[in-house]
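Report on one structure; see the data block that follows.
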Amino acid sequence: MILNILIGILVAFFGFVLQTSIGGINRKIVGRMQKRQGPKWYQEFLDIFKLLSKRSVSHGWIFDFGVIMALGGIIATAMFMPITSNIVAFEGYDNFFIFVYLLAVGMLGMAMSASGSGNPWASIGVMRALTTMLAYEVPFLIVVLTIINLTGHSSLTEIMMYQQQSGNNIFLIALPIGGIVGFIALMGMLGKKPFETYIAPAEIASGPMVEYGGKQLGMLFILHEISVFIEVSLFVHLFLGGASNIIEFLIKYFIVYTIANLISNVNGRFKIDQVVVFFYKWPLFMAVTQAVIAIYFGWVI
Amino acid sequence: MISTKYTVKQSLTKEEIDRKWWEVGDYFRRNSLWLLMYCTGCCAIELPPSMTSAYDMERLGMGPMATPRQADILLVSGYLSLKTLRRLVYTYEQMSEPKYVVALGSCPINGGIYHDSHAVINQLDQYIPVDTYVAGCMPNPESVLNGFVDLMEGIKNKTANGWKKYHEHNEWYKKNQKDVLGEVAIEDEFHQ
């Protein structure tokens with residue numbers, strides 16, 4: 001049991017280091033795309049440690065407690081995440097719905113803390129974040145329920161093993177329409193550019209993060225890195241067939257995050273009502289079509 | 001002469017340990033400076049070329065930030081009228097420490113071309129401490145970046161300690177602010 005918890009904490013730490021490095025490399029890639037030199041690859045580490053070294057103000061105990069609760073919730077979620085089909089901290093507990101439930105703890109902690117600061121921009125940002133969540137989760141869940149119906153399991157490791165069996169394609173190829181929906185939902189989860197409504201630095205002054213500075217902002221950055229790790233890993237495990245060894249996982253993870261980041265950097269930003277209408281129009285329609293095709297007609301490539 | 005006998009190593013005092021940790025923090029702070037741009041004057045037009053692909057501020061780890069709480073540098077570009085000075089003081093006091101002020105152009109140094117205006121202050125460092133000046137009307141992007149590199153050197157050599165001066169000589173700064181502005185009070189409308 002203690003060994004499992006240790007492995008889980010190592011997984012969360014691995015996710016933090018991995019996503020922070022890949023985020024830095026991606027800032028460099030975007031810089032080269034815009035004909036710039038770009039920052040150092042470890043710039044994100046410097047940013048986080050600088051924030052942790054600064055002094056910060058408090059806006060009451062809800063503000064401080066919410067950040068810690070959110071960070072704890074996200075680390076607890078990351079502990080359940082399988083990295084490859086062998087490296088799992090809690091075997092048998094890597095159910096898809098555990099991630100859906102536990103990810104909400106982090107989101108709600110952040111919402112509570114941001115509202116506790118009393119800044120109107122923060123309230124607007126939290127409202128937008130929860131609205132975006134409501135929008136992308138419906139098409140995403142329909143696709144994932146299709147996958148669960150096809151494989152007969154909701155455990156991530158089982159879904160991974162199903163795709164790795166010979167004769168089965170990975171679900172991005174087996175369910176191509178659903179794969180596209182999954183990727184669009186991933187962009188929404190990551191808060192990448194067309195769906196970046198709740199950060200929007202020029203519009204609502206970085207939304208929920210508006211009153212954070214110093215140590216609380218540093219913890220929020222760590223939270224963000226770990227939650228990006230969880231979301232991208234979910235996509236890799238559900239749609240790209242997971243990984244049988246760690247090198248394969250790193251390559252798949254890097255490709256997915258880089259493509260999402262590159263799409264983000266050539267796009268403008270939707271308004272919040274456009275995000276909701278977009279997700280309830282095309283991705284929802286495509287997800288339902290994919291579910292009908294796959295489940296009732298059985299046309300799975 | 002150093003004795004070869006075994007001597008107990010002298011443990012560091014608390015001040016020395018604090019200083020060492022502060023130097024470690026300084027390494028992170030000078031490599032990741034986030035700007036809050038207070039762009040009222042014409043010098044603000046020099047910032048886009050120094051941020052984008054021509055001079056690329058991000059390779060030094062710098063970037064714009066949205067709110068005063070998140071930022072490290074308060075970048076004052078250009079002249080300050082009495083109305084904007086009040087907002088500048090509020091903004092400066094909201095920033096989390098350690099914080100630095102960089103003043104662009106000749107207006108914050110001696111008033112520049114507005115030196116005889118009744119509504120413009122002439123010397124910024126009478127009201128808030130300034131760590132680095134970038135002179136010129138307007139300074140070109142090379143000198144803007146040079147000013148930031150100077151600030152980094154200042155953080156390394158512990159000369160950029162304007163925020164400590166603001167604590168030590170707070171009465172003096174407050175008196176100067178009150179002389180030009182009248183009352184300087186932060187109104188908290190939300191909690192009233």
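The values are calculated or read from the model by the stated rules, or taken from the named source; none is laboratory data. Everything quoted here is computed from the prediction, not taken from an experiment. Cβ atoms come from the backbone with ideal geometry, glycine included; neighbour counts cover every protein chain shown. These accessible areas exclude ligands, DNA and RNA; they are computed on the full protein's heavy atoms, side chains included. Shrake-Rupley method; radii C 1.70, N 1.55, O 1.52, S 1.80 Å.
Go through A:Leu108, A:Leu3 for me and flag whichever is farther than 30 Å from B:Gly61 by Cβ and under 17 Å from the mean Cα position of the chain (by Cα). Full working, then the answer.
Values: A:Leu3 fails: under 17 Å from the mean Cα position of the chain (by Cα).
Selected residue: A:Leu108, the only one of A:Leu108, A:Leu3 that is farther than 30 Å from B:Gly61 by Cβ and under 17 Å from the mean Cα position of the chain (by Cα).
Filter the stretch B:6-25 down to residues that are open to solvent by less than 90 Å² (accessible area, probe 1.4 Å), of a type outside the set (A, V, I, L, M) and farther than 27 Å from A:Val210 by Cβ, then give me how many there are.
Residues in the stretch B:6-25 being open to solvent by less than 90 Å² (accessible area, probe 1.4 Å), of a type outside the set (A, V, I, L, M) and farther than 27 Å from A:Val210 by Cβ: 5 in total.
When you scan the stretch A:3-10, do you find a residue that is crowded, with 21+ Cβ neighbours inside 10 Å and in contact with a helix residue (DSSP H, G or I) (Cβ under 6 Å, 6 or more places away or on another chain), even just one?
Initially, the stretch A:3-10 is screened for residues crowded, with 21+ Cβ neighbours inside 10 Å, giving none.
The answer is no, given that none of the residues of the stretch A:3-10 is crowded, with 21+ Cβ neighbours inside 10 Å and in contact with a helix residue (DSSP H, G or I) (Cβ under 6 Å, 6 or more places away or on another chain).
Which condition breaks for A:Ala202 when tested against (1) open to solvent by 10 Å² or more (accessible area, probe 1.4 Å); (2) closer than 22 Å to A:Ser56 by Cα; (3) within 9 Å of chain B (Cβ to nearest Cβ)?
(2)
Any idea which of A:Leu51, A:Leu71, A:Leu46, A:Leu18 is open to solvent by less than 40 Å² (accessible area, probe 1.4 Å), out of contact with any Phe, Trp or Tyr (no Cβ under 6 Å at 6 or more places or on another chain) and either within 14 Å of another protein chain (Cβ to nearest Cβ) or assigned to a loop (DSSP other than H, G, I, E, B) (or both)?
A:Leu51
In the stretch A:107-125, which residues are part of a helix (DSSP H, G or I) and open to solvent by 20 Å² or more (accessible area, probe 1.4 Å)?
As a first pass, look at the stretch A:107-125 and keep what is part of a helix (DSSP H, G or I): A:107-116, A:120-125.
Of everything in the stretch A:107-125, those that are part of a helix (DSSP H, G or I) and open to solvent by 20 Å² or more (accessible area, probe 1.4 Å) turn out to be A:Met107, A:Leu108, A:Met110, A:Met112, A:Ser115, A:Gly116, A:Pro120, A:Trp121, A:Ser123, A:Ile124.
Condition check ((1) closer than 16 Å to A:Leu141 by Cα; (2) touching a residue at least 12 places away in the same chain (Cβ under 8 Å); (3) away from chain B (no Cβ under 14 Å)) across all residues:
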{"site": "A:Ser166", "(1), (2), (3)": "no, no, yes"}
{"site": "A:Leu175", "(1), (2), (3)": "yes, yes, yes"}
{"site": "A:His237", "(1), (2), (3)": "yes, yes, yes"}
{"site": "A:Gly241", "(1), (2), (3)": "no, yes, yes"}
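Go through the stretch A:135-147 and report how many residues are surrounded by fewer than 17 Cβ atoms within 10 Å (Cβ to Cβ) and more than 15 Å from the chain's Cα centre (by Cα).
2
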